[in-house]
Amino acid sequence: MNKLLSAANKEVLFMGNEAIARGALEAGVNVAAAYPGTPSSEVIENLASVARQRNLYVEWSANEKVAVEVAAAASFAGLRSMCVMKQNGVNVASDFLLHLTASGTRGGIVLVSCEDPGALSSVNEGESRYFARMLEMPLLEPADFQEAKDLTKWAFELSEKVHNIVMLRSVTRMSHASGNVICGKLPAKIPRARFVYDGPLTDPLKGPVISTPVGVKHKLQQEKLKKAGELFEKSPFNKYIGPPKPQILIITSSACFLYSREAVSMLGLQKRVGILKLSCTWPLPEKLLKKYLRLASKIMVVEEVLPFMEENIKVLAASYPREIDAKTFHGKIDGTFPSVGELNPDMVAQELAKIMKVKYKTLPASYARELQRVAAVIPPREQTFCPGCPHRASFWDINTALKLDGREGFVCGDIGCYAMAALFPAIGFHTVHTLHSMGSGTGLASGFAKLDMFGFDKPVLSVCGDSTFYHAVLPALINARHHQADITFVVMDNAGTAMTGFQPHPGLTLSATDETVPAVDIGKICAAIGAKVETSDPFDLEATTKKLNSFLEKKGNLKVLILKQVCALSPEKKGKKQYEVKVNEKLCLGDECGCNRLCTRIFRCPALTWDKAKRKAVVDEVICAGCGFCALICPQKAIIKTEVAAR
Amino acid sequence: MKIFLAKDPMNIIITGVGGQGNVMASRVLADMLVAKGFYVTIGETFGMSQRGGSVMSHLRVSQKSTWSPQIPFGQADIVMALEPSEALRVLSRWGNPGVAVLSNSRVVYPIGVITGDYDYPHEQKIKSIFKKLTAKSWMIDATSVAMEMGNSVLSNIVMIGALAQTKLLPIDRHAFEGEINKSVAADKRDVNLVAFDAGAKMI
C-alpha cells in the first residue's frame, strides 16, 4: 500500500514534502497543480501517485503561473486546491498572485513554496517570504515534519476563513529531510464544483471574481490579513519553550527552530535561553510577540535567508515603545548571522555561546589539527554531466561548430542540467556565457542579435531544454522571429523534465497521473512561427555540426535545431548500454599524443578516466553508460565502441 | 522490550557519489529504525545527486524526539561511505575520536583527478587515516561483490548488511527482510537479501 495513505494514528517516516502532501489529503484537497523544481517536486509526485484512490485532479502545468491559475479556478468553484513550486516559481506566478490576493478566493487554496537557502540545487537562493508581505497574504512556515503535515491541513481551513490564498513556505532542510509523523484522518466526502458569478461586483463570494473596484477589494484584502493575524494569536503552532525568565529570547521559524533547539541543547542552556518558535510568520501575531518580547532584553532572531522576521519584529517593537522597551537584537542586521547561505546548529551555537559567555564545544586540539591535514588531501568533487549525458555531446557539437565557424560565437544559457555548462568546471570547453532565469537565454540572444548596428558581429546561439521551452521560451522566440533577430536556437530535447526527476511536460503523451494526453510538438510550433527548423541526434557529431554550421552561415532569420536524445538516467535508458566502450591501449598514445588529453582533460566524462601508471586513458565499466560518443572524439581512434546485442 | 541506543541521539552519516544508491540506503536504514520505535530524522542533500556530486544523508536516531536534520560538526557516531574519499570528506568535518567508519573501497574518481589537477589518496593512506582518527573502522570491497551478483548498484545493500553485522545499531537481517518486503518489488527481494548476507559476511 502507498505509505501516503497510511491509516489514521499510524506513525510513519515522511519526507517533509510527503508530509505536506499528506496534510493536503487530510484537508480533502481536490486539485493540485505545479511546475517541477527542486526541492518542491515530491509534493505533486506523491499526490499524483494517489490521484485515482483519492479522486484528485493533479497536473504538471506548463509553468508556475499557470499552476496557480489552475488551482485558483478550483477554488473559485468552491473546491480545495494547492499549487506547488520552488522559490523562483513564485516570481513567475507573482503577476497573477497580485491580482488573486485582491480578488480573493473561495474554496481553500494553498501555495506551497519550497525554497533553497544555500542554493543546494538552484542558481539562486532568493526567498519568497517577502512576496507574502508585498502581496498581503498570510504566511505559514512549518518547523518540523509533524507540523509540515498539520500546518498544511490548517492552511486550507485558514484560507477558507479569510477567503484568500495562504502561502506555506518550506526549505530544502524541511522538504528533503524526513522525520516521524503521526497520520490523521482522511476525509470521505467528494464535493461538487460550482462557480457562482451573478452576484454584485462588490460581493467577492457571489459576484464575479475580479480585483476591482480596487478601493473596495484592496480594503477587504487588508481586513482579511488582519483577521489572519488575529487567528495567529491563538494558533497552537506558535510555541514557547524555555524558562519563565530567560536571559535571552530566540525567535525562530522553519528548520532554524531545529538548529536553535539543538544549539541550546549542545551548550546546556535549557534553563537560561527561551525559544519562541513562530509558524505563523506574516502577519506577525502582535499580542503574542508583545507578551514574549517582554521576557528578555536580548533577542536573537534565527532565520533563513534574509532578515524577514527580524525586520518585521523591529517594526513591531518600534510601533509600541510603551509596551515593548528597548531591546538588543542579534540577527542578520547586526551581522551576528550572514544574510547569505543556510544556517546550521553550529552557527547558532557559536553565536549563542559568545553572547551567553559559555564555552562552545571543541575537539581535542591535536585531533582537530589531524582533521585539517586530512581535509588537505581530499580531492574536490565537482558536479559534472553524467556519463552518457546527451548535453555533454550537444555542447561538444556546438563548440566544434563554433570553432569551425571561427567568429567567436557564443551561447546564451538557460535553466536545466545544461546550465552546468556555464556554472561548473563540468566540461573543459566553455561556450555558454550568460545564465539567468527560465527562458531568458533566448530573450538575451534576441537582444544581442540586434546589436549589429552598433558593430556587434559575433554569431549568437541560445539553448534550452524541452520542458523549459514550454515554460517560458515561447514569447522570446516569437520576439526573435518578429524582429528578425539572427539567432540559432538549440533545443536540447531529452524527453522529460530530467533535472527534477523526469516529470512529464506538454511535449509528451503522458500526464502526471499516467493518462494518455496529446503532445504539443516543439518543431511544429517553431515552424508555425516561421523559423527554419532542423532535427538532429547530438550523438551524431558529424551531422549535427554540419547542420549547425549551415545555420550559422545563413543570415537574417530565426533558425531552430532540435537535438533529440533521451536522458541517460531516464527509466528507459538507465542500466542499458548501447555500446561496450574500451580503450585500445596500443592505439592510445597517452601524453605523447599531442591532443593534450582531449578525452580526459577537455571532454570530462566521469567514466573516461586516466590510468596514471600506464599514462593512458581507461574506461570505468561500472559507471560508463555506453553512449559511445567518446569514440568519435579521439584523434587516434583509440576508443573502441562495440554495439551491445539487444537484450 | 525496550531497545537502548549506545548514545542519544545516535548520529549516522551515509555518504557517497550521486548514483550509488545513497538515498535508498538511508531510507532503508531509517525505516528499519522507525519500525523499532525510534524517532529518526534524516537530512539529505540530493538535488544534485544525479550529477556526480558528493551526496550525504544525516540520520539522527533518538528515543526522545526529532533532531536537527544537520548533525553538528565533530559529532558523527557512525560514518558509512559508499566511496572512500567521501568517507574522508565527512570525517574532516564530522569526525571525533569516538567515530566508527565503514567504507567501501571502490573508488569513483572526481573530474579534477581525471584531468590531473588533483591527486586521489592511495588506499593505504586512507586506511592509515581511518586507523588514526577513528575508534573503529572497516574497509570492504562492496562494489566487487555487488558486481559478481550482476549489478554494481547493489553495493549499497552489501554495505547495509555489513553495517548490521558491526552491531553498532539495533538492526538485523530480520528487520531488513521486513523492510524489503514492504518497499521492494517481489522479484527483487531475493537479490537484496543475498546482497545483505554477502555484506554481513565481510565483517
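Derivation of every value follows stated rules applied to the coordinates shown; laboratory data play no part. Values in this document were obtained by computation on a predicted structure and should not be read as measured data. Every residue, glycine among them, receives a Cβ derived from its backbone with ideal geometry; neighbour counts consider all protein chains shown.
Length gained on full extension, A:His433 to A:Gln372: 18.4 nm, using 0.36 nm per residue less the C-alpha separation. Here the residues A:Arg381, A:Arg54, B:Arg189, ranked from fewest to most Cβ neighbours within 10 Å of their Cβ, fall in the order B:Arg189, A:Arg54, A:Arg381.
The C-alpha atoms of chain A define a longest principal axis, and helix A:440-449 lies at about 50 degrees to it. Classified by the C-alpha gyration tensor, chain B has an oblate form. Its axis ratio a/c, with a ≥ b ≥ c, is 1.5 or above, and a/b does not exceed b/c.
The simple Förster model, with R0 at 30 Å and r as the Cβ-Cβ distance, assigns A:Glu585 and A:Ala543 a FRET efficiency of 0.50. Residues B:Glu83, A:Glu286, A:Glu592, arranged from fewest to most other Cβ atoms within 10 angstrom of their Cβ, appear as A:Glu592, A:Glu286, B:Glu83. The magnitude of the dipole of the protein assembly as shown, with charges of +1 and -1 set on the Cβ of Lys/Arg and Asp/Glu and taken from the Cα centre, is near 1920 debye. The mean sequence distance of close C-alpha pairs (under 8 Å, at least 6 residues apart), as a share of the length of region A:62-149, puts its relative contact order at 29 percent.
Around the Cα centre of region A:2-67, unit charges on the Cβ atoms of Lys, Arg, Asp and Glu (plus for the first two, minus for the last two) sum to a dipole of about 180 debye.
Which FRET efficiency value, to the nearest 0.05, do you get for B:Phe4 and B:Lys125 by plugging their Cβ-Cβ distance into 1/(1 + (r/R0)^6) with R0 = 35 Å?
The computed FRET efficiency comes out at 0.40.
Simple rule: put +1 on each Lys or Arg Cβ and -1 on each Asp or Glu Cβ in region B:35-118, find the dipole, and look at B:Ile114, B:Val40, B:Ser57; the Cα lying farthest toward the positive end is B:Val40. Amide hydrogen proximity for A:Val112: with H placed 1.01 Å from N in the peptide plane, the residues at 5 or more positions away or on another chain lying under 5 Å are A:Cys83, A:Val84, A:Met85, A:Leu168. Here the relative contact order of chain B, from alpha carbon pairs under 8 Å that lie six or more residues apart, stands at 19 percent.
Please arrange B:Thr115, A:Thr362 by counting, for each residue, the other beta carbons lying within 10 Å of its beta carbon, fewest first.
Numbers: B:Thr115 18, A:Thr362 9.
Ascending Cβ contact count within 10 Å gives the list A:Thr362, B:Thr115.
List the residue ranges in chain B for DSSP H helices whose C-alpha atoms run 18 angstrom or more along the long axis and whose Kyte-Doolittle average is 1.0 or above. Qualifying helices, which must be both long enough and hydrophobic enough, are B:22-35.
Mind listing which chymotrypsin sites (Phe, Trp or Tyr not before Pro) in region A:210-279 are in a DSSP loop and have 16 or fewer other Cβ atoms within 10 Å?
Taking region A:210-279 and a limit of 16 other Cβ atoms within 10 Å, no loop chymotrypsin sites (Phe, Trp or Tyr not before Pro) are found.
Only one residue of A:Leu541, A:Thr172, A:Gln484 has its Cα farthest out toward the positive end of the dipole of the protein assembly as shown, where Lys and Arg carry +1 and Asp and Glu -1 on Cβ, and that residue is A:Thr172.
Would you mind classifying the protein assembly as shown by shape? Square roots of the alpha carbon gyration tensor eigenvalues, ordered a ≥ b ≥ c; an a/c under 1.5 is rounded, otherwise it is prolate if a/b is larger than b/c and oblate if not.
Here the protein assembly as shown falls in the oblate category.
Sites listed here are trypsin sites (Lys or Arg not before Pro) in region B:49-130 whose DSSP assignment is loop and whose Cβ has at most 15 other Cβ atoms within 10 Å: B:Lys64. Please work out whether region A:65-136 counts as rounded, prolate or oblate from its C-alpha gyration tensor, where a ≥ b ≥ c are the square roots of the eigenvalues and a/c under 1.5 means rounded, while otherwise a/b larger than b/c means prolate and anything else oblate? Prolate, because a/c is 1.5 or more and a/b exceeds b/c.
Relative to the dominant Cα principal axis of chain A, helix A:87-103 is inclined by about 50°. Under the combined filter of DSSP loop state and at most 10 neighbouring Cβ atoms within 10 Å, region A:10-82 retains none of its chymotrypsin sites (Phe, Trp or Tyr not before Pro). Dipole of region A:192-252 computed with +1 at Lys/Arg Cβ and -1 at Asp/Glu Cβ about the Cα centre; of A:Gln222, A:Pro208, A:Phe237, farthest Cα towards the positive end is A:Phe237. Normalised by the number of residues in region A:544-647, the average gap of Cα pairs under 8 Å and 6 or more apart makes the relative contact order 32 percent.
Principal-axis analysis of the Cα atoms of chain A puts helix A:255-266 at an angle of about 70° to the longest axis. Placing +1 on each Lys and Arg Cβ and -1 on each Asp and Glu Cβ, with no other charges, gives region A:413-528 a dipole about its Cα centre of roughly 260 debye.
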